[in-house]
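Inspection log for the structure reproduced underneath, given as structure tokens.
Just so you know, all these numbers are worked out from the coordinates, no wet-lab data involved. All figures in this text were calculated on a predicted structure; none of them were measured in a lab. Glycine gets a Cβ as well: all are built from the backbone with ideal geometry, and neighbour counts include every protein chain shown.
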Ligand SMILES: NC(=O)c1ccc[n+]([C@@H]2O[C@H](COP(=O)([O-])OP(=O)(O)OC[C@H]3O[C@@H](n4cnc5c(N)ncnc54)[C@H](O)[C@@H]3O)[C@@H](O)[C@H]2O)c1
């Protein structure tokens, strides 16, 4: 389409299938001229769908469990070998709640599972950045993006422990954003995305209800995965060089709403 990312190189995590937000981000980045490396957990890669995306994007797939420092070190080292040097951007598009998956109520959480949820959904963001930092893997003026949800600020009961995961993710973006900014001019942001029909999204109980509710509540309607991919492209591009340490709502206006006459009518 364009060349907003011409000459740029980046890592895209989290493309599980064609519904995944990361899938759309990968496609859009390549359309805008970027070279990418795809990564996902080995267990997700075994499902095989990512290979079709890899072919389309002319990108290697390097497996990495984002909770494993060893895997991450290998991912970024191999990526730099592939690119012939450092890269410019990275997307963290990873989330999973063990308690939600196993149907545990928020008032009856298993704390070992909760730790695992935090590790996969939030601490992995820190682990990715710390590993890239130690390897000096990102070029100056690079950009790192994580994907969040408004349950970090407001209560969505069925989102359970993922709410705390997202609060932690957003905090890590601010804290690491300070260090990466002062040392390397690298910016770090999270995008707070509308409910989106993906495997992770639909794993939340009552997802369709709050998808429809948010769609009605938002003046622009829910933001799509494709829209989110466009926003990621903008954040990876040089057009957003001074945006950092922000949680950026990409939600059709949902986060600013108090009440909606359309919903009251219903
Ligand atoms: N779908 C929504 O409604 C919605 C809304 C706001 C934010 N988000 C966030 O967007 C991000 C992407 O989710 P999605 O909706 O595209 O769903 P998705 O299920 O397509 O993607 C989640 C990805 O996380 C990966 N993953 C899980 N454990 C991992 C691990 N240990 N190491 C590496 N990767 C691992 C999965 O393999 C999968 O590719 C998540 O952070 C999610 O919380 C989603």
Original post:
Full extension from residue 130 to residue 106: what is 0.36 nm times the residue separation minus their Cα-Cα distance, to one decimal in nm?
Top reply: 5.6 nm
**OP:** Please state, to two decimals, what the Cα-based radius of gyration of region 75-176 comes to when divided by 2.2 N^0.38 Å (N = residues).
**Re:** 1.23
**OP:** Starting from the Cα-Cα distance between residue 6 and residue 212, subtract it from 0.36 nm times their residue separation and give me the gain in nm to one decimal.
**Re:** 70.4 nm
Subject >> Rg over Rh, two decimals, the chain (C-alpha only, Kirkwood Rh) >> reply: 0.96
Subject >> Relative contact order of the chain, defined on C-alpha pairs under 8 angstrom at six or more residues apart (%) >> reply: 19 percent
Original post:
Does anything in region 224-255 have its amide N under 18 Å from the 7 Å Cα→Cβ label point of residue 174, and if so which residues?
Top reply: 243-250
Original post:
Using the C-alpha atoms of region 1-77, what convex hull volume per residue, in cubic angstrom, is computed?
Top reply: 83 Å³
Original post:
Taking only Cα atoms, what is the 0 to 90° angle, nearest 10, from helix 21-31's long axis to the longest principal axis of the chain?
Top reply: 40 degrees
Subject >> Volume per residue of the C-alpha convex hull in region 1-144, rounded to whole Å³ >> reply: 115 Å³
**OP:** Calculate how steeply helix 207-217 sits against the longest principal axis of the alpha-carbon atoms of the chain, using the helix alpha-carbon long axis, and give the answer as 0 to 90 degrees to the nearest 10.
**Re:** 80 degrees
Subject >> Protection proxy ranking of 86-99, 171-184, 104-117, 147-160 - average other beta-carbon atoms within 10 Å, highest first >> reply: 86-99, 147-160, 171-184, 104-117
Subject >> Angle in degrees between helix 69-83 and the longest Cα principal axis of the chain, rounded to the nearest 10 >> reply: 50 degrees
